[in-house]
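The values are calculated or read from the model by the stated rules, or taken from the named source; none is laboratory data. Since we're looking at a predicted model, the values are computed, not measured. Virtual Cβ from ideal backbone geometry, glycine too; neighbours counted across all protein chains shown.
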């Protein structure tokens, strides 16, 4: 079975990190995996393509300027005609809008898309009308969470075409917590016992890092380590200065791997306004770190409130502050929630489970079971 995954990306974020785990596992399960990369001429996203190739998976590239247009369809169609996949599997906007019609144009037997977010633009005009024409071409839409599935239904997706398959992580032992804690605090110039909470995300408005800064500002002595980068970086640094907490807010930039930073935290904050899944939440739980997350999007599917972490209303800095206070003040609570979170990841959110469910979907498509 040959499956061609189509994606246009500017770099490695949640969807791309997911594929870097999933694709090699599918290959090991006997799937002939290829990637058709809609490649920005700027060179953005080259790191993703190179990472895929490092796993021995072939990548074909189609250049794109800007956001592209329907003129991409013939180029994608030519590439698919050459690759002759049994299934075309599209990821993110560009592959959905231009890759799906191209696949149907050249008669690819089955077409799958994965929804990695609940971006509201799909529910607004003109995209809502555009997708009304795209949905009949799609056999199955894989939703990364039930939250994303609900958003697809609001958009107008047929329920019979939707399947939820959660993201998963490879099973591996956690970092040495004592060493990670000491290393992080030494890097930040803090006392060995200083309470440090953190965030791990792109620094964009929707991730709510400003809410995290406001919350931590209200808890004396607590530090915030914000791992990631993005267009909101300067605004967040300025906010910390305005709140007189520049000495307690540390913007770390991108960290890869992120596990050593996560393992050094007392808790992860995930205060997103909207979240399709939240892979960093799983990564923290895998390290035995409790999570304080907004109740937005998929967070209630991953974080069990009061058991593996705490849920607070999105955008509510005061509620987040109270949650930080409760965890900062109790080592035993942090430890209990962290252990419960790690067990939950190992039980419900493994990469092997994700790969097995994806392979089963492909096999169902081959037999006609998942087709209306």
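Within the range 126-136, not a single residue is in contact (Cβ under 8 Å) with a residue 40 or more places away in the chain, on the phi < 0 side of the Ramachandran plot and in a helix (DSSP H, G or I).
Checked against the criterion of being in contact with a strand residue (DSSP E or B) (Cβ under 9 Å, 6 or more places away or on another chain), assigned by TED's automatic domain parsing to the domain that holds residue 328 and under 26 Å from residue 15 (Cα atoms), the range 231-240 contains one or more residues that satisfy it. Do we have residue 22 as at pLDDT 95 or above and within 17 Å of residue 115 (Cβ to Cβ) here? For residue 22, the condition - at pLDDT 95 or above and within 17 Å of residue 115 (Cβ to Cβ) - is met. Restricting to the range 140-156, what's the tally of residues that are surrounded by fewer than 22 Cβ atoms within 10 Å (Cβ to Cβ), in contact with a strand residue (DSSP E or B) (Cβ under 7 Å, 6 or more places away or on another chain) and either assigned to a loop (DSSP other than H, G, I, E, B) or not assigned by TED's automatic domain parsing to the domain that holds residue 122 (or both)? The number of residues fulfilling the criteria is 0. Against the numbered list (1) part of a helix (DSSP H, G or I); (2) without any contact (Cβ under 8 Å) to a residue 40 or more places away in the chain, residue 39 comes up short only at (1). Summed over the range 47-84, residues that are touching a strand residue (DSSP E or B) at 6+ places or on another chain (Cβ under 9 Å) and either at positive phi or outside the structural domain of residue 37 (by TED's automatic domain parsing) (or both) total 3. Going through (1) over 18 Å from residue 184 (Cα atoms); (2) in contact with a strand residue (DSSP E or B) (Cβ under 8 Å, 6 or more places away or on another chain); (3) part of a helix (DSSP H, G or I) one by one, residue 332 falls short only on (2). The residue of the range 304-329 that is farthest from residue 13 (Cα to Cα), among those that are in a loop (DSSP other than H, G, I, E, B) and free of Cβ contacts under 8 Å to residues at least 24 places away in the same chain, is 329. It is to be established whether one or more residues within the range 230-238 are in a loop (DSSP other than H, G, I, E, B), within 24 Å of residue 19 (Cα to Cα) and without any contact (Cβ under 8 Å) to a residue 40 or more places away in the chain. Within the range 230-238, one or more residues are in a loop (DSSP other than H, G, I, E, B), within 24 Å of residue 19 (Cα to Cα) and without any contact (Cβ under 8 Å) to a residue 40 or more places away in the chain. A residue that is without any contact (Cβ under 8 Å) to a residue 24 or more places away in the chain and within 21 Å of residue 150 (Cα to Cα) cannot be found anywhere in the range 268-277.
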